[in-house]
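Notes for the one structure printed next.
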Amino acid sequence: MLPVAPIRSYREWSIKTKLLAMTGLLLLSSVFFESYLSYTRYTRDFQRQSSEKVQQILDQVTLNIDTYLDDLYRLTLYPYRNEGIMEALEAPSPATELAQLEKRRLIENYLDEIMIYPRGDIVRVSIVTDEIYSSARLPTKLVPNEKPEEYDWYRQALATQAYIFVPDSGSAAGERGGKVRTFSVAKQLRSISNTQVILGVIKADADYSGIVDILEKAEMGAGGGLYILDADNEFVYASADAHKVTALSGLASPDAIADGYLLSTASVPRIGWTIVAVNSVSEMNREAIATRNRALLFSVGCAVIALLALIVLTRHFLKPLLSIVKLMKEVEMGKLDVTFQSERRDEMGYLGAAFNRLVGRIGIMLRENTELVKEVYESKLLQQEAQINALFNQIRPHFIFNTLNLISLSMQSGKQEKAIEHINALSSILRGMSQWDKEMPLRKEVELLHAYLGIQSSRYEGRLSYAIDIDPALFGHHVPALLLQPIVENAVVHACEQRKEPTTITVSSALLPGKLLLEVRDDGPGMDEETLATLMRKVEQLEDSANANAAERTRTGIGLVNVNKRIKVKYGAGYGLSIRSAPGQGTAVTLAIPYPDTKEG
């Protein structure tokens, strides 16, 4: 049996192993975390959209039922359109049986014409005066005992001019046998010659097939249902008996999730009905779960492929570094005739060339004056480090990282033209930053501002808007490079980045005798007097105190302090920055530089 190698501690791992382990852990963690967040947000948004959609369906069902009832109500107004019928109803009861029979035949023939109505849910239309006139599709009586005054709907109709809704007016024989539940609409009938005279009541009976047709057109999906309850919480309609208890709970807590079902309600006030929609949450989220699983599998597969590619690339890129490490160990043993052989032109090639130069210089130091060569070398190294630090502060790695991330997101979302636009803008900014110690036309400075603010506006997704209102006649005037960009960047950071409200940044110009004023204004939160005074003291500090300001200069870069210092050193104490601000009124930074072409007038 082969011996098992002991597990080495993390400190003993090679840089390749550490790099692969940390990258793989971060990659897989980000995949699972992103998949979980995406699923959670998608599920929440989908449930919200589904709830809104169901509510819209319920509102439409309610509207359709109201429209349906309006049609029934209009049916009770038909007699007013026929003068002959109204005259017959207003006339006193005929004395002879023949005349009574003719009156009944006239009225009931008219009711028969009303019954020739395209809707098959109307089962009876009746007029109750001193006599009962009726026309029906089914052979049933209006009232079994011929005494309508004993019924509540009749008494209520005589007592009010409003429509009377009778939710359950009995049952009638269906076309295929059995009983069909009906409801009715009753309306007081008045004389047209004297509106104070009540002639009787007109009543229209209908079965529930019309309302059922409206409800069946509302699709609630698998595992769901639609229910109607009356004022006594009795079921008028139920698409499925399985969820009746759940539907009743929806009356107590509408627009909620109970026992895995999404409940939505709507009411029909004029008849006291409540419509409850029941939707299965698991059924609603089924596609979301399938999408999540597919996305997770795809992400894990991509992560595995990325790890395999990383292993190959790491081995390829770290091979020169490992070779340099091996040569360095030989140098430590006193062997100075070693040389790193490589034709690479990247950082590894530079590191190998630097190693060769270092070994060569070490040989020279051993042959000549070691201390002098060491001092010169350290001086050059410090100078290079200072230049690199200055360039690093100019480039703003955080801004470049955010911009590259924005470009990546634009390309991934198919916005190729937007990505190219951001790449061109970033290229312009980097070219301008490489000339930070030179002068350039004001036109170039404005172009850099457009590029920078364009990127930031896209990054903040509409929360940042800007306007550059500089007189084109000033574009040929030369100014120190990157004069306005640090001020604009400061406005973006303090006015837009730290809050969610929309922010507008305005850059404008003005001419005074002997001066050019450039102003950067934002409508951000502003500053109180104490904060403004502290900032002005920092801006006006011109002494080069290493112990007091070194850390701040490292953090600030070419911020307001350095811009003000550059202006005063170049043009004198009469020029520089001034700042105005108040809480809730934004901040305005005004930059004053010489403009000898300005003429007093």
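Residue by residue through the range 339-357, note down the ones that are among the aromatic types (F, W, Y), out of contact with any Ser or Thr (no Cβ under 8 Å at 6 or more places or on another chain) and either crowded, with 16+ Cβ neighbours inside 10 Å or not in a helix (DSSP H, G or I) (or both). Full working, then the answer.
So in the range 339-357, the residues among the aromatic types (F, W, Y) come out as 340, 350, 355.
So of that shortlist, the ones also out of contact with any Ser or Thr (no Cβ under 8 Å at 6 or more places or on another chain) come out as 350, 355.
Matches in the range 339-357: F355 only.
Select from the range 70-91 the residues that are assigned to a loop (DSSP other than H, G, I, E, B) and surrounded by 12 or more Cβ atoms within 10 Å (Cβ to Cβ) and list them in ascending order.
Once the filter is applied, which keeps residues that are assigned to a loop (DSSP other than H, G, I, E, B) and surrounded by 12 or more Cβ atoms within 10 Å (Cβ to Cβ), the range 70-91 yields T76, N82.
Of all residues in the range 58-86, which are among the acidic types (D, E) and not assigned by TED's automatic domain parsing to the domain that holds A157?
Matches in the range 58-86: D59, D66, D70, D71.
For L72, only one of the following conditions fails: (1) at pLDDT below 85; (2) over 60 Å from the mean Cα position of the chain (by Cα); (3) among the hydrophobic types (A, V, I, L, M, F, W, C). What is its number?
Answer for L72: the failing condition is (2).
Of all the residues that make up the range 54-69, how many are under 17 Å from S264 (Cα atoms), touching a residue at least 12 places away in the same chain (Cβ under 8 Å) and either loosely packed, with under 15 Cβ neighbours inside 10 Å or hydroxyl-bearing (S, T, Y) (or both)?
Looking only at that region, the number is 3.
Going by the structure shown, is K538 modelled with pLDDT under 90, more than 15 Å from H494 (Cβ to Cβ) and in a helix (DSSP H, G or I)?
No: the conditions fail for K538.
Taking only the range 506-527 into account, find how many residues are at negative phi and within 34 Å of the chain's Cα centre (by Cα).
Keep residues of the range 506-527 that are at negative phi, which gives 506-513, 515-525, 527.
This time we only want the ones that are within 34 Å of the chain's Cα centre (by Cα), so: 506-508, 520-525, 527.
So the count comes out to 10.
Sort through L511, L516 and tell me the only one that's in contact with a His (Cβ under 8 Å, 6 or more places away or on another chain) and at pLDDT 90 or above.
It is L516.
Give me a count of the residues in the range 500-519 that are within 20 Å of R459 (Cα to Cα) and of a type in the set (A, V, I, L, M).
Count: 2.
Within the range 92-107, can one find any residue that is in a helix (DSSP H, G or I), in contact with a strand residue (DSSP E or B) (Cβ under 8 Å, 6 or more places away or on another chain) and modelled with pLDDT of 85 or more?
Looking through the range 92-107, at least one residue is in a helix (DSSP H, G or I), in contact with a strand residue (DSSP E or B) (Cβ under 8 Å, 6 or more places away or on another chain) and modelled with pLDDT of 85 or more.
A quick yes/no check of all residues on (1) among the acidic types (D, E); (2) loosely packed, with under 13 Cβ neighbours inside 10 Å; (3) at pLDDT below 90:
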position: H494; (1), (2), (3): no, no, yes
position: V507; (1), (2), (3): no, no, no
position: D522; (1), (2), (3): yes, no, no
position: A548; (1), (2), (3): no, yes, yes
position: L560; (1), (2), (3): no, no, yes
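When the residues of the range 499-516 are narrowed to those that are out of contact with any Phe, Trp or Tyr (no Cβ under 8 Å at 6 or more places or on another chain) and small (G, A, S), which ends up farthest from T587 (Cα to Cα)?
The extreme case among them is A510.
Yes or no: the range 247-261 includes at least one residue that is modelled with pLDDT under 75 and touching an Asp or Glu at 6+ places or on another chain (Cβ under 9 Å).
Yes, there is a match, as at least one residue in the range 247-261 is modelled with pLDDT under 75 and touching an Asp or Glu at 6+ places or on another chain (Cβ under 9 Å).
Here's the yes/no breakdown for (1) modelled with pLDDT of 85 or more; (2) within 18 Å of W273 (Cα to Cα):
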{"position": "G178", "(1), (2)": "no, no"}
{"position": "L189", "(1), (2)": "yes, no"}
{"position": "V197", "(1), (2)": "yes, no"}
{"position": "D213", "(1), (2)": "no, yes"}
{"position": "G224", "(1), (2)": "no, no"}
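The values are calculated or read from the model by the stated rules, or taken from the named source; none is laboratory data. Since the structure is predicted, the reported quantities are computational estimates derived from the model, not experimental observations. Note that we place each Cβ from the backbone using ideal geometry, even for glycine, and neighbour counts take in every protein chain shown.
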